[in-house]
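Below is one structure, written out as structure tokens; the observations come after it.
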Amino acid sequence: MKSLRVKPGTKVSLDDYDPADTGRYKSAEEVADKLKEHIDELDRLQNLLYAENKRALLIVLQGMDASGKDGTIRHVMSGLNPQGVSVVPFKVPSDEERAHDYLWRVHKVTPRFGQIAIFNRSHYEDVLVVRVHELAPKKVWKKRYKQINHFERMLTENDTVILKFFLHISKDEQKRRLEERLKDPKRHWKFSEKDVDERHFWDDYRKAYEDALTECSTKRAPWYIIPADRKWYRNLVVAETIVETLRGLDLKYPEAAADLSKIVIE
Ligand code: AMP
Ligand code: MG
């Protein structure tokens with residue numbers, strides 16, 4: 001699993017990462033029990049995080065259209081107590097958002113202590129779509145890698161743990177998924193002609209992602225490149241990474257404020 005974590009300072013070339021990789025597994029059935037265990041464990045750990053109320057977990061999900069951001073949230077977070085989680089989608093900025101610096105809307109929705117927040121897209125769009133479509137000049141977005149590192153560093157130094165997942169799919173798999181959306185009336189709502197247009201920019205996005213992964217994977221806020229052509233493997237790896245990270249925090253239930261043994265309930 002280590003190898004999916006982008007080591008700070010290494011130059012990422014996505015060619016080195018196989019989107020169809022499934023590790024040592026061959027099928028969804030084979031990992032079903034393991035995934036269930038992780039999801040149960042996630043529930044236990046979230047409860048601890050919530051009770052401890054001193055640290056927060058921020059999960060950033062990025063990936064091309066149809067890479068499975070929504071599906072990951074639905075499956076991996078299915079066991080969590082809704083009281084302790086927020087999911088924040090980042091769309092085209094509103095007028096008000098655009099009237100501020102690009103991190104304004106982001107900092108407002110970082111998780112409070114005890115909570116997990118999942119960003120469905122994030123501030124990284126400001127070095128991805130913004131770069132690919134030249135929504136800002138190069139001299140503006142180029143400075144953002146460093147700004148993002150500073151911002152994330154400030155968060156981690158103030159007890160927000162950060163995990164960033166890039167859902168890595170192949171161009172063929174994206175085609176399959178967009179075609180599925182076209183064929184299935186229950187998925188038509190998910191189909192956007194914009195996604196088809198965005199496919200023309202595949203190589204530009206790939207380059208923009210490689211730079212973001214290269215520039216912004218830090219020790220405290222690492223990027224993970226998740227093989228995402230197989231949904232079951234994607235779910236397994238994401239769940240496992242979150243569980244391991246939360247376990248590493250050594251979370252503890254707080255001590256009671258008073259000596260409870262003396263309390264009598266009449
Ligand atoms: P979806 O994730 O399918 O709901 O689409 C959200 C859309 O919002 C995507 O096309 C993103 O590229 C776009 N988006 C998100 N953040 C930004 C941003 N900062 N600037 C421009 N477009 C953005
Ligand atoms: Mg979309």
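Here, each number is a calculation from the coordinates, and none is a lab measurement. None of these values were measured; they are calculated from a predicted model. Neighbour counts are summed over all protein chains in view; Cβ atoms, including those assigned to glycine, are modelled from backbone coordinates with ideal geometry.
Quick notes on this one:
- Cβ-derived FRET efficiency at R0 41 Å, Lys252 paired with Glu134, nearest 0.05: 0.25
- Projecting the Cα positions of Ala117, Val60, Val132 onto the charge dipole of region 41-149 (unit charges on Cβ atoms of Lys, Arg, Asp and Glu, taken about the Cα centre) puts Val132 furthest along the positive direction.
- 12 Å beta-carbon shell around Pro89, net charge (K/R +1, D/E -1): +2
- Cα gyration tensor, region 168-238 - rounded (a/c under 1.5), prolate or oblate: oblate
- Mean Cβ count within 10 Å, highest first, over the residues of peptides 183-193, 222-232, 134-144: 222-232, 134-144, 183-193
- Calculated SAXS-style log₁₀ I(q)/I(0) at q = 0.13, 0.29 Å⁻¹ - region 35-88, Debye, Cα scatterers: -0.36, -1.26
- Förster-model FRET efficiency, 45 Å R0, Glu29 and His100, C-beta, rounded to 0.05: 0.40
- Kirkwood-based shape ratio for region 1-43, expressed as Rg/Rh from alpha carbons: 1.09
- Packing-based ranking, highest mean first, of 107-118, 83-94 given that Cβ atoms within 10 Å are counted: 107-118, 83-94
- Taking amide H positions as modeled 1.01 Å from N, with prolines and chain starts lacking one, no residue 5 or more places away or on another chain lies under 5 Å from Phe191.
- Solution diffusion estimate, µm²/s, Stokes-Einstein, the chain, Kirkwood Rh from C-alpha pairs, 25 °C, viscosity 0.890 mPa s: 124 µm²/s
- When +1 charges are put on Lys and Arg Cβ atoms and -1 charges on Asp and Glu Cβ atoms, the dipole computed for the chain relative to its Cα centre reaches about 500 debye.
- When the Cα positions of Ser27, Ala239, Thr218 are compared along the charge dipole of the chain, Thr218 comes out farthest toward the positive end, with charges on each C-beta of Lys, Arg, Asp and Glu.
- Here r is the Cβ-Cβ distance between Ala51 and Lys262 and R0 is 22 Å; the resulting FRET efficiency, rounded to 0.05, is 0.50.
- Cα gyration tensor shape for region 64-132, rounded if a/c is under 1.5, else prolate or oblate: oblate
- Descending Cα extents along the principal axes, region 39-182, whole Å: 45, 39, 24
- Cut-off 11 Å between beta-carbons: net charge of the residues surrounding Arg44, Lys and Arg +1, Asp and Glu -1: -3
- Relative contact order of the chain, defined on C-alpha pairs under 8 angstrom at six or more residues apart (%): 36 percent
- Net charge, Arg247 excluded, C-beta distance under 11 Å - Lys, Arg +1, Asp, Glu -1: -3
- Taking a ≥ b ≥ c as the square roots of the eigenvalues of the Cα gyration tensor, an a/c ratio of 1.5 or more together with a/b no larger than b/c marks region 3-103 as oblate.
- 222 nm mean residue ellipticity, helices alone, for the chain (DSSP H n ≥ 4; -39,500 (n - 2.57); rounded to 500): -13000 deg cm²/dmol
- The amide H of Val60, built 1.01 Å from its N in the peptide plane, has Phe119, Leu163, Lys164, Phe165 as neighbours under 5 Å, considering only residues 5 or more places off or on other chains.
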